[in-house]
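Asker: Encoded as structure tokens, here's the structure I'll be asking about.
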Amino acid sequence: MVRPERRYATRTALTGLVFCLAAAGCATDIDNGERDAPPAADARSPAPILVAHRGASAYAPEHTVASYELGIEQGADYIEPDLHITADGVLIAFHDLTLERTTDVEDRFPDRYREAEIRGEMTRVWPVSDFTFDEIRTLDAGSWFDPSFAGARVPTFREVVEVARGRAGLFIETKSPEVYEALGFDMETLLLGELAELGLAEPGADPSTPVIIQSFNAASLEILRHDHETRLPLALLVGGEEAASEWLSEEGLARAAEFVSGIGPAKNLIMADPSVVARAHALDLTVVPWTFRARSPGEGFTSVEAEMLHFLEEIGVDGIITDNPDLYPATRTAEGV
Ligand code: G3P
Ligand code: CA
């Protein structure tokens, strides 16, 4: 499992936390040659896809079975687990590198914190990677959202697959693999290993449970495509201005097309330059933006429904990632996109 060399040289934003977790007691602000082209199996879908972001996370605590179940009930084509790795090497569905925002870890393990500098202030954090899965499993991952969800547990990745199997696809995000590499874990190998054991490692293996892997970490996706030679669809997430300059230019898109089948830009990046969609499509790259939320529609939109409709029908994206799957426009008229 331990890799002899660092593979994520292009990623620097989380360097502080890498050292924090690999040693102890420091931190950073967290939240968040010639190559063959990707296989034809990655070609764009005939109709836009609806992705339930962290489940139906507007209505249930993110990354819990309740949230994923609700996302599927609300008609999502895919649910979206983010991946982290516990101290004993278990892949779990969880968003943050640390446990305190969405669990009761502070109450349950008050002494197991590290000091971290977050947005200029020293703060106590409880990293996922400091806890075994059995410890994490004891945490309440629901009460922070609403008392009615008290006792909700952090699921393993396998449990999320079982929720989705036969009912929805999996839009899986590798989160901060460089942090876990510094701790001796190989997220891509773990993920593909579990998918293989579950019979989902090949495109079309289970048509009722399609799999797409996404990441902000381009190196993670290159490793999946080129080192592991996966044929699964891969999507490069693009967040800030810096990443947009790197990946949404003509040259950036062309380079991305060497190892991914789609891009996932923040919706504001598409609003700033909608031409990126046509330019991506010209390279046969899908475009699935994030994150559409009823509580914060984009500037200029009176509702998230109107915003989603604009992206689908006017801009022509290939899918929508939303906390509110129930508000997805009923008429999916962008057939053939
Ligand atoms: O699918 C893209 C979206 O999930 C990325 O943002 O921070 O919610 O993982 P985040
Ligand atoms: Ca995510």
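Asker: In region 82-114, which residues are within 16 Å of ligand 2 (Cβ to nearest atom) and charged (D, E, K, R)?
Answerer: Correct list: 82, 96, 101.
Asker: Further, regarding this structure: Quick check on region 243-255. Is at least one of its residues at pLDDT 95 or above, within 29 Å of residue 180 (Cα to Cα) and outside any helix (DSSP H, G or I)?
Answerer: Yes, region 243-255 contains a residue that is at pLDDT 95 or above, within 29 Å of residue 180 (Cα to Cα) and outside any helix (DSSP H, G or I).
Asker: Out of all the residues in region 63-83, which are charged (D, E, K, R) and either in contact with a Phe, Trp or Tyr (Cβ under 8 Å, 6 or more places away or on another chain) or more than 14 Å from ligand 1 (Cβ to nearest atom) (or both)?
Answerer: Scanning region 63-83 gives 69, 73, 80, 82.
Asker: Related question: Under the condition of being in a helix (DSSP H, G or I) and under 23 Å from residue 237 (Cβ atoms), which residue from region 53-77 is farthest from ligand 2 (Cβ to nearest atom)?
Answerer: 72
Asker: Which number in (1) in contact with a helix residue (DSSP H, G or I) (Cβ under 7 Å, 6 or more places away or on another chain); (2) within 27 Å of residue 268 (Cβ to Cβ) marks the one condition that residue 241 misses?
Answerer: Every listed condition holds for residue 241 apart from (1).
Asker: Considering only region 201-229, how many residues are part of a loop (DSSP other than H, G, I, E, B) and either buried (at least 24 other Cβ atoms within 10 Å of the Cβ) or under 18 Å from the mean Cα position of the chain (by Cα) (or both)?
Answerer: Residues in region 201-229 being part of a loop (DSSP other than H, G, I, E, B) and either buried (at least 24 other Cβ atoms within 10 Å of the Cβ) or under 18 Å from the mean Cα position of the chain (by Cα) (or both): 5 in total.
Asker: In addition: Would you mind stating whether residue 175 is within 22 Å of residue 309 (Cα to Cα), touching a strand residue (DSSP E or B) at 6+ places or on another chain (Cβ under 7 Å), within 16 Å of ligand 2 (Cβ to nearest atom) and of a type in the set (Lys, Arg)?
Answerer: So residue 175 does not fit the description; no.
Asker: Taking region 46-84 only, how many residues are more than 28 Å from residue 316 (Cα to Cα) and β-branched (Val, Ile, Thr)?
Answerer: Counting residues in region 46-84 that are more than 28 Å from residue 316 (Cα to Cα) and β-branched (Val, Ile, Thr) gives 2.
Asker: Hey, could you check region 147-160 for residues that are more than 16 Å from ligand 2 (Cβ to nearest atom) and closer than 27 Å to residue 8 by Cα and say which is surrounded by the fewest Cβ atoms within 10 Å (Cβ to Cβ)?
Answerer: By that ranking, first place goes to 158.
Asker: Considering only region 98-197, give the helices (runs of 4 or more DSSP H) lying wholly within it that have at least 1 residues that are under 30 Å from residue 49 (Cα atoms) and modelled with pLDDT of 95 or more. Explain how you work it out, then say what you get.
Answerer: Numbers: elements: 105-108, 133-137, 157-164, 177-182, 187-197.
The helices (runs of 4 or more DSSP H) meeting that bar are 157-164, 177-182, 187-197.
Asker: Then there's this: Restricting attention to region 234-259, which residues are closer than 23 Å to residue 78 by Cβ, more than 16 Å from ligand 2 (Cβ to nearest atom) and within 18 Å of the chain's Cα centre (by Cα)?
Answerer: Matches in region 234-259: 247, 256, 259.
Asker: If you don't mind, another one. Would you confirm whether any residue within region 224-242 is within 14 Å of ligand 1 (Cβ to nearest atom), among the polar types (S, T, N, Q) and more than 26 Å from residue 103 (Cα to Cα)?
Answerer: Among the residues of region 224-242, not one is within 14 Å of ligand 1 (Cβ to nearest atom), among the polar types (S, T, N, Q) and more than 26 Å from residue 103 (Cα to Cα), which makes the answer no.
Asker: For region 166-212, which residues satisfy the criterion of being among the acidic types (Asp, Glu), within 16 Å of ligand 1 (Cβ to nearest atom) and more than 14 Å from residue 91 (Cα to Cα)?
Answerer: 178
Asker: Name the residues in region 149-172 that are small (Gly, Ala, Ser) and touching a strand residue (DSSP E or B) at 6+ places or on another chain (Cβ under 9 Å), would you?
Answerer: Narrowing region 149-172 to residues small (Gly, Ala, Ser): 150-152, 164, 166, 168-169.
Within region 149-172, 164, 168, 169 meet the criteria.
The values are calculated or read from the model by the stated rules, or taken from the named source; none is laboratory data. This one's a predicted model, so the numbers in the text were calculated from it and none came from an experiment. Note that we place each Cβ from the backbone using ideal geometry, even for glycine, and neighbour counts take in every protein chain shown.
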